[in-house]
Amino acid sequence: MAPSLEAEPDSVASVLANPQKPQLVAPEPEHCPGPESQQAGTADSCAGCPNQAICATAPKGPDPDIPLITARLSGVKHKILILSGKGGVGKSTFTSLLAHAFATNVEQTVGIMDTDICGPSIPKMLGVEGETIHVSSTGWSPAWAMDNLAVMSIQFMLPNRDDAIIWRGPKKNGLIKQFLKDVEWGDLDFLLVDTPPGTSDEHLSVNTYLKESGIDGAVMVTTPQEVSLLDVRKEIDFCRKAGIKVLGLVENMSGFVCPKCTYESEVFKATTGGGRKLAEEMGIAFLGSVPLDPRIGMACDYGESFFDSFPDSPACRALKGVVKGLAMEMGLDPEVVMPEEDDA
């Protein structure tokens, strides 16, 4: 018989309620004081328990760094998570495009926190791959891709850009905490958090550390085919269980329009209705479809702004629509967030 997830000692609700809970090697006994208790590992009921040493050395009580994180991020107006659950849907590319879209308004300051620890690609896309972290008495300074666009990534800490990061969960979580607690983000209008695929360590950590300071919500990124939608459904379920508002869903790589014959090809065919149908089923906003454009890949490779180079492209127009839809879901004025350009 296959093991039941419900029979595991750490249920979904338990993990979300106690994200710092240590990994136990055996189920908690009947009279267990709890791994977070001050008596953990020392109570009479702990004698002979396989978890005794683990519980005795585990952190007790609430994380003392959360108030420090909240204070550090007090100048950040809006925090948005970029999620998908699925790798290869263009999540980091979309994050960089969304940041550039917000930054087209020179009155707004935008930051990107790259929490994809094992596969950081944001610095390359923003043209700051060669930057390093500068440390001062007030904290770490992010790299600035533009006058109003900052980024922080583990890429800046690597001796060689091709070095692999081979870390277990606790070390990843520790770095994410440092990105929030020690980085001088300053006054930002938007902080975009680019996440890796899945619903695991990094996602739990970000939610835990940001919950007190407030998360506006998450933007889901998918491609049209069902293989992608399967994982996005799980990510939406994660957000609902974790208490994160889903601001909407974006269908990336929705089609390719030939520049010569203008015929649109469905590269990733939507066999079950695609992102729009999924958004309708899940009761969330559909923010729009962004078509494939090879020039987006080139802009990312060269670290350039797609919005500056191809402002009239179909993909750019679609992204502007996504930004306006996202602004409405956040209760902001779309014309302020993404003002129309003066034709004159």
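Can you give the angle from 0 to 90° between the axis of helix 169-181 and the longest principal axis of the chain, with both taken from C-alpha atoms, to the nearest 10?
60 degrees
Just flag the trypsin sites (Lys or Arg not before Pro) in region 153-208 sitting in loop per DSSP whose Cβ has no more than 11 other Cβ atoms within 10 Å.
Loop-located and lightly packed - ARG161, ARG168.
Binning every alpha carbon pair distance of the chain at 10 Å from zero, what are the percents per bin?
Final binned percentages: 5, 23, 31, 23, 11, 4, 1, 0.
Take region 129-259, compute every pairwise Cα distance, and split them into 5 Å bins from 0; I just need the percent in each bin.
2, 8, 15, 18, 18, 17, 13, 6, 2, 1, 0
Just flag the trypsin sites (Lys or Arg not before Pro) in region 224-267 sitting in loop per DSSP whose Cβ has no more than 15 other Cβ atoms within 10 Å.
LYS245, LYS260
Treating the beta-carbon of each Lys and Arg as +1 and of each Asp and Glu as -1, no other charges, what is the dipole magnitude of the chain about its Cα centre, to the nearest 20 debye? Display every interim value, and only then the final one.
Working: 28 positive and 47 negative charges, 132 e Å.
So the dipole magnitude of the chain works out to roughly 640 debye.
Can you tell me how much longer the chain between ASP333 and LYS245 gets when fully stretched, taken as 0.36 nm per residue apart minus their C-alpha distance, in nm with one decimal?
Gain on extension, ASP333 to LYS245, equals 29.8 nm.
With a 1.4 Å probe and all protein chains in place, put MET113, MET282, MET298 in order of accessible area, largest first.
Largest to smallest exposure gives the sequence MET298, MET282, MET113.
Can you send over the carbon and sulfur percentage of the accessible area for region 200-259, probe radius 1.4 Å, protein chains only?
55 percent
State, as an integer percentage, the relative contact order of region 63-335 based on alpha-carbon contacts under 8 Å between residues 6 or more apart. Numbers along the way, then the final one.
Details: 517 pairs, mean separation 67.5, N = 273.
Relative CO of region 63-335 lands at 25 percent.
Could you give me the radius of gyration and the Dmax of region 264-324, taking only the C-alpha atoms into account and expressing both in angstrom?
Gyration radius and largest Cα-Cα distance of region 264-324: 13.7, 38 Å.
Mind giving me the nanometre distance, one decimal, between the label points for LYS234 and ASP308, set 7 Å out from Cα along Cα→Cβ?
My value for the distance between the label points is 3.9 nm.
Using the heavy atoms of the protein chains alone and a 1.4 angstrom probe, what is the accessible area of region 45-145 per residue in square angstrom?
40 Å²
Expressed as a fraction of 2.2 N^0.38 Å, the rule-of-thumb size for a compact globular protein of N residues, what is the C-alpha radius of gyration of region 210-306?
After normalising by residue count via 2.2 N^0.38 Å, the value is 1.24.
Take ASP44, ASP308 and sort them by solvent-accessible surface of the protein heavy atoms, 1.4 Å probe, largest at the top.
Of ASP44, ASP308, the descending order of accessible area is ASP44, ASP308.
So in the chain, what percent of DSSP beta bridges are antiparallel if you round to the nearest 5?
The antiparallel proportion sits near 20 percent.
Using a probe of 1.4 angstrom, how much of the accessible area of region 37-90 is carbon and sulfur, in percent?
58 percent
So for the chain, taking the charge dipole from beta-carbon charges (+1 Lys/Arg, -1 Asp/Glu), which of CYS55, GLY139, SER228 sits furthest toward the positive end?
Farthest along the dipole direction, towards plus: CYS55.
Please build a GNM for the chain, connecting alpha carbons under 10 Å apart, and tell me which residue among GLN108, GLN39, GLN178 fluctuates the most.
Result: GLN39 has the largest fluctuation of those listed.
Do any trypsin sites (Lys or Arg not before Pro) in region 266-322 lie in a loop, going by DSSP, with at most 15 other beta-carbon atoms within 10 Å of their beta carbon, and if so which? Can you show the working numbers first?
Numbers: sites: LYS269, ARG276, LYS277, ARG295, ARG317, LYS320; in loops: LYS269.
Sparse-neighbourhood loop trypsin sites (Lys or Arg not before Pro): LYS269.
The values are calculated or read from the model by the stated rules, or taken from the named source; none is laboratory data. Owing to the predicted nature of the structure, the values given are computational and were not obtained by experimental measurement. All Cβ positions, glycine included, derive from the backbone under ideal geometry; neighbour counts span all protein chains shown. SASA here: full protein model, heavy atoms, side chains in, ligands and nucleic acids out. Shrake-Rupley method; radii C 1.70, N 1.55, O 1.52, S 1.80 Å.
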